[in-house]
Amino acid sequence: MDLRAISMGVAFALMWSSAFTSARIIVAAAPPMTALSLRFLISGLLAVLLARLMGQSWRLSRAQWRATIIFGICQNALYLGLNFIAMQTVQASLASIIASTLPLMVAVAGWAFFHERPGALGMAGLLAGFLGVAIIMGSRMQADSVDLVGVGLCILGALSLTVATLALKGASSGGNFMMIVGLQMLIGSAVLALPAAAMETVTIDWSWTLVVAFAYTTLVPGLAATLVWFFLVHRIGAVKAATFHFLNPFFGVAIAALILHEALGPRDLLGVAIITGGILAVQLSKQKPTRT
């Protein structure tokens, strides 16, 4: 793995992790589903335009359309929709930690449904990752700083993202990756628009921080991170690229502490370190040894 690939991987993890902090700012000033639907509409249109400039087509195979629809509903409408609602009461650092367990959940799902049994290193990583989450949750619950309903929504969102990730295996085959990204964003926007119109009153507390956070969320985690991920996977492969997910817990809590001044205790830091090591172990266990 060369220096350029490492830089791209770190940049992707940083952009992905920062989305929770910017989302926390948005939902404090605007209705969550309405804001997210608008974000996906803008990001989706930009992604489709970019895909067309890259020579990609929206003529997808039936399998790609099926996977794209599932991905759009599970990731955008459910995972991010539930997280945006939850972050009205859940801290960005805790939401990012729960979401960062995605590689662990995907590994468990692969074991349960596809008989992809992890090796000793992968099993140790799974146990460590979930132990780290338990440490953090125990610390937060003792401090009475956890909204259990919000945490439940984050967990449901993470499970939805697990389904979306497994569906992406079918969506990414056959090319047109950026077009698929744009289309699944537009699907998410349309699905979220319905409950937003029925359940939310559009009342916005306008400020420059809201405008900056919305623009940042739309362009950076929403579009730029996806583009960086696309080039990173093309350069080093999906398995090696996925190892950069181990940076997400650390970046997520660090950005929330720096920008939102969210408090972090010693047990939080210990839990983050254990989760980080667990994710890294799971991802490394998936890599096949290279022959010399």
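Each row is one residue, and each column tells you yes or no for (1) surrounded by fewer than 23 Cβ atoms within 10 Å (Cβ to Cβ); (2) at pLDDT below 95; (3) on the phi > 0 side of the Ramachandran plot.
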| residue | (1), (2), (3) |
| --- | --- |
| 205 | yes, yes, no |
| 211 | yes, no, no |
| 224 | yes, yes, no |
| 230 | yes, yes, no |
| 235 | yes, yes, no |
| 240 | yes, yes, no |
| 243 | yes, yes, no |
| 246 | no, yes, no |
| 254 | yes, yes, no |
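Condition check ((1) out of contact with any Phe, Trp or Tyr (no Cβ under 6 Å at 6 or more places or on another chain); (2) closer than 20 Å to residue 213 by Cβ) across all residues:
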{"position": "22", "(1), (2)": "no, yes"}
{"position": "25", "(1), (2)": "yes, yes"}
{"position": "29", "(1), (2)": "yes, yes"}
{"position": "34", "(1), (2)": "yes, yes"}
{"position": "44", "(1), (2)": "yes, yes"}
{"position": "52", "(1), (2)": "yes, no"}
{"position": "64", "(1), (2)": "yes, no"}
Being under 27 Å from residue 213 (Cα atoms), among the aliphatic types (A, V, I, L, M) and at pLDDT 85 or above, is that true of even one residue in the range 115-137? no
Could you list, in sequence order, all residues of the range 73-102 that are in a helix (DSSP H, G or I) and among the small types (Gly, Ala, Ser)? 77, 81, 86, 92, 93, 95, 96, 99
Can you tell me which residue among 194, 183, 219 is within 30 Å of residue 280 (Cα to Cα) and either surrounded by fewer than 21 Cβ atoms within 10 Å (Cβ to Cβ) or among the aliphatic types (A, V, I, L, M) (or both)? 219
Filter the range 181-221 down to the residues that are within 16 Å of residue 68 (Cα to Cα) and under 14 Å from the mean Cα position of the chain (by Cα) and list them by number. 181, 185
Looking at the range 94-112, is at least one residue within 16 Å of the chain's Cα centre (by Cα), within 12 Å of residue 27 (Cβ to Cβ) and modelled with pLDDT of 85 or more? yes
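The values are calculated or read from the model by the stated rules, or taken from the named source; none is laboratory data. Small disclaimer: the values here were computed from a predicted structure and weren't measured. Cβ atoms come from the backbone with ideal geometry, glycine included; neighbour counts cover every protein chain shown.
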